[in-house]
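Each remark here refers to the structure printed beneath this line.
The values are calculated or read from the model by the stated rules, or taken from the named source; none is laboratory data. None of these values were measured; they are calculated from a predicted model. Positions of Cβ are backbone-derived with ideal geometry, glycine not excepted, and every protein chain shown enters the neighbour counts.
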Ligand SMILES: [Zn+2]
């Protein structure tokens, strides 16, 4: 019975992960290197999360690490920029397309740092010990490496419950993790503690910290600016208000979906992983759940 349960659990997790991170051909994946400053690069493969490489006298520092199968290619891209092992690896959150390489980099000697819920969730997933962050924080911390003061702060209950954003004031650069995907509706992972309400608050907090010149590295998509981020927040906020209104008027999910409340944003933000119906459904479920409490 126990075996059957484990097996079923595996199937559920496996198909969930497949849907979420279905990658047709990682063999042919190419990691692109985009220079932002002499010492800061974006490493990118569009099938998984954007990585930030900070190099210099303190060694290589990496934010996020995509999938384990790509570690070799990622490390090659790193070595082409700056020779030497990854000394510190920071995670923006626990999803596999951002932290899947943790074990490999951990085995190569990287010290992993993340918000404490990232460690808890990776432990819950039975991740190997070497994949776990050895340094965790609750609200935030500042690290001083390679001439940068990196302000790391936790935004509660947004994309997941373990999101951290990384701000480099000197270079006016921000890595948002998946609290922002350029030109796409956000993915609110309610099963991992995310919430629409929390995401809206998180984005307000983040927007307060940055200015019009800030270079934003989103979790997915190309480099962006404050205006891009504001536009998405405004869209999500508008849709959420409409959904709330319909929900409070007593409409059920089917009726609300039929109203197509996010349709006006379909062309701009609805072409990614989250379509407008999925966003509205997430909003409905959040409203419905909070009412039951
Ligand atoms: Zn994610």
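Odds and ends about this structure:
- Any chance residue 105 is surrounded by fewer than 24 Cβ atoms within 10 Å (Cβ to Cβ), more than 16 Å from the ligand (Cβ to nearest atom) and either more than 24 Å from residue 200 (Cα to Cα) or at pLDDT 95 or above (or both): no
- Any chance residue 175 is touching a residue at least 12 places away in the same chain (Cβ under 8 Å), surrounded by 17 or more Cβ atoms within 10 Å (Cβ to Cβ), in contact with a strand residue (DSSP E or B) (Cβ under 6 Å, 6 or more places away or on another chain) and outside any strand (DSSP E or B): no
- Helices (runs of 4 or more DSSP H) enclosed by the stretch 204-293 - at least 2 residues per element that are modelled with pLDDT of 95 or more and surrounded by 12 or more Cβ atoms within 10 Å (Cβ to Cβ): 226-248, 253-258, 276-292
- Wholly enclosed strands (runs of 3 or more DSSP E) of the stretch 126-172 bearing at least 1 residues in contact with a helix residue (DSSP H, G or I) (Cβ under 9 Å, 6 or more places away or on another chain) and farther than 21 Å from residue 106 by Cα: 148-154, 164-168
- For the stretch 80-98, a residue qualifies if it is touching a strand residue (DSSP E or B) at 6+ places or on another chain (Cβ under 8 Å) and near the ligand (Cβ under 10 Å from one of its atoms), and the qualifying residues are 92, 93, 94, 95, 98.
- Restricting attention to the stretch 126-135, the residues being under 13 Å from residue 91 (Cβ atoms) and either over 18 Å from the mean Cα position of the chain (by Cα) or in contact (Cβ under 8 Å) with a residue 40 or more places away in the chain (or both) number 4.
- The residues listed here are 182, 138; of these, the one that is touching a strand residue (DSSP E or B) at 6+ places or on another chain (Cβ under 9 Å), free of Cβ contacts under 8 Å to residues at least 40 places away in the same chain and either under 30 Å from residue 286 (Cα atoms) or within 16 Å of the ligand (Cβ to nearest atom) (or both) is 138.
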